[in-house]
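Notes for the one structure printed next.
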Amino acid sequence: MRAKREASIRTKLTEVFVIVSFFVFVVNIYIFYSQNKAIRQIDSVYSHNIQLNELSGTLEQMQDALYQYLNTKSSDKLESYYTYEQDYRDMIRQLNTQIVSEPDKLMEKNIYYMSEAYLEETERAIEAKRGRNVSRYNEGYGKANQIYGYLQSCINSTNATVFLNNSHNYSLLRTKLDYLIWFSLALLLGVMLVAVGWIVMMTGNIIKPFKELADAANEIAKGNMEVDFPDVETGDEISTVSGACNKMIESIRVYIRETKENYERENKLVEKELIMKNDLKEAQLKYLQAQINPHFLFNSLNAGAQLAMMEGAERACIFIENMADFFRYNVRNTDQDATLGEELRLVDNYIYILNVRFAGDIHYEKRVDERLLHTPMPSMIIQSIIENAVNHGIREMEGAGSICLSVYREGDFACIQVADNGKGIDSQVAEKILRGESAHSESGRDSAGIGMDNVINRLRRYYDMEHVIDIRRLEEGGTEVRLYLHSHNSLRGKDCVNHCL
Amino acid sequence: MVQGNRTGKFLIAVVMGVILLAMGAANVIWDRNMALGQESDADSAVYQYHIAMIGSSPYDEFWASVYEGANETGKACGAFVENFGQGLEADYTVEELMQMAIAAKVDGIIVEADKGDGMKEWIDLAAGEGIPVMTILSDAPNSSRISFVSGNSYALGEVYGSQILEAVQERGREEGAPKAAKVAVLINAGGKNSQQGLIYSGIREAVSASPERMNLSTVSIDSQGRFESEETVRNLVLGEERPDILVCLSAVDTISAYQCVVDYNMVGKITIIGYYSSEETLEEIRRGVVKSTISINAGEMGKTAAEGMYDFLTKEHVSEYLPVASELITLENVGSYIEGAEKEGIKGGRL
């Protein structure tokens, strides 16, 4: 079950940061507001003192202006007196006029009414001055001055007590401001912890599926294809990634399984084919074996030889013996190693048989370095060369054919040279044979059954070298085949001597 | 994981809420503390009448008790009695304070008057302004005051006289005592204080029966001088004419007298008859340093004055003379006064 797509990582992160920022903003606004309030309160502590000072100052200026006016009758001074009077009236209007038990407030009431009395006196004095009634304005000024003194005294006393009270309040406020600062710091610290905690938690939640995905990917990288990516149900991009990864790993698994099945199927086919081929060969062999039992043949031939001996037919006896030897050698497994001497004996047998068959047409001559007779070599090699020389060289020519076989040492090699005086090989055919392209030409028909390609391949494999044979047409007519065998008893320095006639 | 996420979010919401609550609580606490910071011990009631009470020595303990009595009574009836001039830094005379009170248009004035003409003028001026004036402790005769509140000074003098006679008799019994005891009466200078004059008259009347047994004399103390009382008493005690009996007619004089007697080791040699029942005086009576003290109930006096003024303000009529009873405190009955003083505190002091 897949969770519905809720919010992308970006939305989640934005949500965290926006909420944290907003919270921090609110707290900061609060701190700003509190501190501002505290500072305003501190500022306002002495406002009453300032008010009283202003009152006192205005009173003083008013009194001064009154005195100046009474002294000089200057209209400027009268004007300034009225200005101050207006200010003063405005100011005293703010004073308390109710009868309360608080001494400061009660003093304000006294100041208010005394101020009114003072203003009445000053007004009377100014009127008297206008009327040039000297004694009256003198008296009025005297009374005003007296009340002025009382007023100043009252204002100053109130100012002092208010100041004392305010100083107390001020120090109280200062202490509270300190508390406020510490509280703000603690608040900010708390907010910071909450913010950090939340961010750590949220990012942890976001990162956690990533880690799980990475762990699964690592496990898969180590070769464990059976690991599933974790099912992430956060509903964000990671869910998508995890889903896609799971699909991918599933596809890979299916692909690998299919590949494996294909491979196994092909293997089985090849195996089947091989078995079939094997079976066919085995069948052929069995068929051949079933045709002639070689032992029966040798024994029969030997029996024939003895019979010929007893009847005094010596030539027939030798012929049959040669036949028996030839087939015995032939029946040997071709994979078994032979020696050069054994091969030469087979050639002798073969030539004898041919000469009997073809009434001594083939003139065979051999020159052999006796020391090389024990050189090991694959069997049925030289006889095949001789057979080719007879079949393709001598048989199709007029006159007496001649085959010359020489065995000599050439460097590290034992060199076997077979030369005939037949029609000579076509150079293109010779190249074809060397390239191993000649098929089983004319095999099966009057042949021992082994083609040149077979001979060459066996020699190459046996000595594990490419250059084992040379075939060339002789200028005087005929073909020459040279085989190079590894000789372990090396006779260096001796040149290859052509013993051919 | 989703579950854990929800729990975490819930936790964070709770912590945020707690922080916000702390902010709100801090705000409320701050405001409340601010209100406390600016609060004074005064109540916020608004009174109907403003009565100024002007004494010759506003810082005197006796006067403080009188004022306290007046203030409490006034508050109960809706009139605030102000100890006028107490909050001022400068010292003003009673007349100046009268002038100030008139200028401040108070509703009524209770003043400890003196005999001077100035006082009469100011009282008349106040009456002209429609401010009723009541005198207390000492009178301003022939002025337009509405009433006078006082103990009966003559009767007080007679009590003093009897106490003096008693003391003289006690001394007479002692061996080697001179035939005529020297009696000094401390009177505030200038004889302005008519009350003390009346008291002295009462004393003379009371002791006139046996004038041969004592030499009655007055010692004047200049009340204008701040520390005059103590100096005068010291000079008297250490002087050649050391009195045998010292009669004090004010609370301050009493304290100065017994302090001096104790300091110069004159206990038993000088008999002190005191005035007012301050805590210290009561204590000295108990110890036998002061023979007796005569006291007017100061709180009662204040109360009588305030009630009288309130009656006048509301009914425009009050008796011309409002007497306050006096009490004699001796070693025999001092215990109950000390107890009473302890119960009421210094506020309920008696004269």
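Quick one: plug the Kirkwood hydrodynamic radius of chain A (C-alpha pairs) into Stokes-Einstein at 4 °C, 1.567 mPa s, and report D in µm²/s.
Working: Rh = 37.6 Å.
Answer, rounded: 34 µm²/s.
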Shielded residues, the range B:97-112 - accessible-area loss of 20 Å² or more between chain alone and all protein chains, probe 1.4 Å: B:Gln99, B:Met100, B:Ala103, B:Ala104, B:Lys105
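Under unit Cβ charges (Lys, Arg +1; Asp, Glu -1), what dipole magnitude, rounded to 20 debye, does the protein assembly as shown have relative to its Cα centre?
Details: 83 positive and 122 negative charges, 573 e Å.
Dipole magnitude for the protein assembly as shown comes out near 2760 debye.
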Per residue, how large is the accessible surface of chain B? Use a 1.4 angstrom probe and give square angstrom. 47
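By its C-alpha gyration tensor, with a ≥ b ≥ c as the square roots of the eigenvalues, how is the range A:362-486 shaped: rounded for a/c under 1.5, else prolate for a/b larger than b/c, else oblate?
Working: a/c = 1.59, a/b = 1.19, b/c = 1.33.
Oblate shape, in that a/c is at least 1.5 and b/c is the bigger or equal ratio.
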For B:Glu82, distant residues with modelled amide H under 5 Å away: B:Ile51, B:Ala52, B:Met53
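So what is the relative contact order of chain A, in percent, for Cα pairs below 8 Å that sit 6 or more residues apart? Each step should come with its number before you reach the end.
Numbers: 543 pairs, mean separation 49.3, N = 501.
Result for chain A is 10 percent.
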Which lysines have a Cα lying under 19 Å from the Cα of A:Lys268, excluding residues fewer than 8 positions away in the same chain? A:Lys260, A:Lys277
Which is farthest toward the positive dipole end of the protein assembly as shown among A:Pro209, B:Leu216, B:Ala45, measuring Cα position about the Cα centre, with Cβ charges +1 (Lys, Arg) and -1 (Asp, Glu)? A:Pro209
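222 nm [θ] for chain A, helices only, -39500 (n - 2.57) per DSSP H run of 4+, per residue, to 500?
Numbers: 12 runs with 333 residues, N = 501.
Computed mean residue ellipticity for chain A: -24000 deg cm²/dmol.
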Short version: ³J(HN,Hα) in whole Hz for each residue of the range A:372-381, in order, from phi by Karplus 6.51 cos²θ - 1.76 cosθ + 1.60 (θ = phi - 60°), x for Gly and Pro, what are they? 9, 4, 8, 5, x, 7, x, 7, 6, 9
Reachable lysines from A:Lys129, Cα under 25 Å, same-chain residues fewer than 8 places away excluded? A:Lys73, A:Lys77, A:Lys143
Chain A - accessible surface per residue (Å², probe 1.4 Å): 58
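Please label the shape of the range A:9-212 as rounded, prolate or oblate, based on the square roots a ≥ b ≥ c of the eigenvalues of the alpha-carbon gyration tensor (a/c under 1.5 means rounded; beyond that, a/b larger than b/c means prolate, else oblate). Let's see the in-between values first.
Numbers: a/c = 5.95, a/b = 3.69, b/c = 1.61.
In terms of gyration-tensor shape, prolate.
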Relative contact order of chain B, please, whole-number percent, based on alpha carbon pairs below 8 angstrom and at least 6 residues apart. 18
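Taking the Cα centre of the range A:362-486 as origin, work out the dipole magnitude from +1 charges on Lys and Arg Cβ and -1 charges on Asp and Glu Cβ, in debye rounded to 20. Intermediate results must be reported in sequence, preceding the final value.
On the way: 15 positive and 21 negative charges, 56 e Å.
In debye, rounded to 20, the range A:362-486 gives about 280.
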With heavy atoms of protein chains only and a 1.4 Å probe, what residues of the range A:216-257 have at least 20 Å² less accessible area in the full set of chains than alone? A:Thr234
Which residue fluctuates most in the GNM of chain B (Cα springs below 10 Å): B:Gly55, B:Gly299, B:Gly87? B:Gly87
For the pairing of chain A with chain B, what total accessible surface becomes buried, with a 1.4 angstrom probe, in square angstrom to the nearest 100? 4100
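For a Förster distance of 22 Å, can you work out the FRET efficiency between the beta-carbons of B:Lys315 and B:Val46, rounded to the nearest 0.05?
Numbers: r = 22 Å, r/R0 = 1.01.
With a Förster radius of 22 Å, E is 0.50.
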Among the lysines, which have Cα under 25 Å from the Cα of A:Lys208 when same-chain residues fewer than 8 positions away are ignored? A:Lys4, A:Lys12, A:Lys222, A:Lys247, B:Lys9
What's the center-to-center distance, using Cα atoms, between the range A:176-223 and the range A:92-170 in Å? 68
Projected area, mean over directions - the protein assembly as shown, Cα convex hull, nm²: 93.4
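Would you please give the FRET efficiency between A:Ser135 and A:Asp43, computed as 1/(1 + (r/R0)^6) with r the Cβ-Cβ distance and R0 = 51 Å, to the nearest 0.05? Spell out each step's value before the answer.
Values: r = 50 Å, r/R0 = 0.99.
Efficiency, from the Cβ-Cβ distance: 0.50.
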With a 1.4 Å probe and all protein chains left in place, how much of the accessible area of the protein assembly as shown comes from carbon and sulfur atoms, in whole percent? 53
Rounded Å value of the spacing that divides the Cα centres of the range B:120-145 and the range B:274-337: 24
Given the candidates A:Gly436, A:Asn302, B:Ser319, the one whose Cα lies deepest towards the positive end of the charge dipole of the protein assembly as shown, counting +1 at each Lys or Arg C-beta and -1 at each Asp or Glu C-beta, is A:Asn302
For B:Ala45, other-chain or 5+-apart residues with amide H closer than 5 Å (H placed, Pro excluded) are A:Ser101
In debye to the nearest 20, how big a dipole does the range A:9-212 give about its Cα centre with +1 on each Lys and Arg Cβ and -1 on each Asp and Glu Cβ? 760
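Take each of the peptides B:94-107, B:10-23, A:197-210, average the number of other beta-carbon atoms within 10 Å over its residues, and list them starting from the highest.
Working: B:94-107: 23.4, B:10-23: 14.4, A:197-210: 16.1.
The most tightly packed comes first, giving B:94-107, A:197-210, B:10-23.
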Can you say what percent of the DSSP beta bridges in the protein assembly as shown, counting only those with both residues inside, are antiparallel? Round to 5. 40
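Working out 0.36 nm times the residue gap between A:Val227 and A:Trp182, then minus their Cα-Cα distance, what length gain in nm do you get to one decimal?
Working: separation 45, 0.36 × 45 = 16.20 nm, distance 5.54 nm.
That works out to 10.7 nm of additional length.
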I want to check the label-to-label distance for B:Glu279 and B:Glu332. Put each point 7 Å from Cα in the C-beta direction and report it in nm to one decimal. 2.8
Apply the Kirkwood formula to the range A:163-318: the hydrodynamic radius equals the inverse of the mean of 1/r over all pairs of different alpha-carbon atoms; give it in Å with one decimal. 26.4
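Rounded, prolate or oblate: which fits the range A:173-224 when a ≥ b ≥ c are the square roots of the eigenvalues of the alpha-carbon gyration tensor, with rounded for a/c under 1.5 and prolate only if a/b beats b/c? Intermediate results must be reported in sequence, preceding the final value.
Working: a/c = 13.00, a/b = 7.49, b/c = 1.74.
Judged from the Cα gyration tensor, the range A:173-224 comes out prolate (a/c at least 1.5, a/b above b/c).
Within a Cβ distance under 15 Å of A:Thr97, other residues only, what is the Lys/Arg minus Asp/Glu net charge?
-2
On a full-extension model of 0.36 nm per residue, what is the gain between A:Arg174 and A:Tyr462, subtracting their alpha-carbon distance, rounded to one decimal in nm? Can you show the working numbers first?
Details: separation 288, 0.36 × 288 = 103.68 nm, distance 11.31 nm.
So the extension gain works out to 92.4 nm.
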Sort A:Ile382, A:Ile425 by accessible area with a 1.4 Å probe, largest first. A:Ile425, A:Ile382
Residues with amide H under 5 Å of B:Ile136's amide H, sequence separation 5 or more or different chain, H placed in the peptide plane at 1.01 Å from N; which? B:Val111, B:Glu112, B:Ala113, B:Val149
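Among the listed pairs B:Lys179/B:Lys269; A:Lys105/B:Lys303; A:Lys37/A:Lys109; B:Lys105/B:Lys303, give every one whose C-alpha distance is greater than 19 Å. Please report the intermediate quantities before stating the final value.
On the way: B:Lys179/B:Lys269 15 Å; A:Lys105/B:Lys303 24 Å; A:Lys37/A:Lys109 30 Å; B:Lys105/B:Lys303 23 Å.
Pairs exceeding 19 Å: A:Lys105/B:Lys303; A:Lys37/A:Lys109; B:Lys105/B:Lys303.
The values are calculated or read from the model by the stated rules, or taken from the named source; none is laboratory data. Here the structure is a predicted model, which is why all the values come from computation and not from measurement. A quick note on method: Cβ atoms are made from the backbone with ideal geometry, for glycine too, and the neighbour counts reach across all protein chains shown. Accessible surface areas use protein heavy atoms only, side chains included; no ligands, DNA or RNA. Shrake-Rupley method; radii C 1.70, N 1.55, O 1.52, S 1.80 Å.
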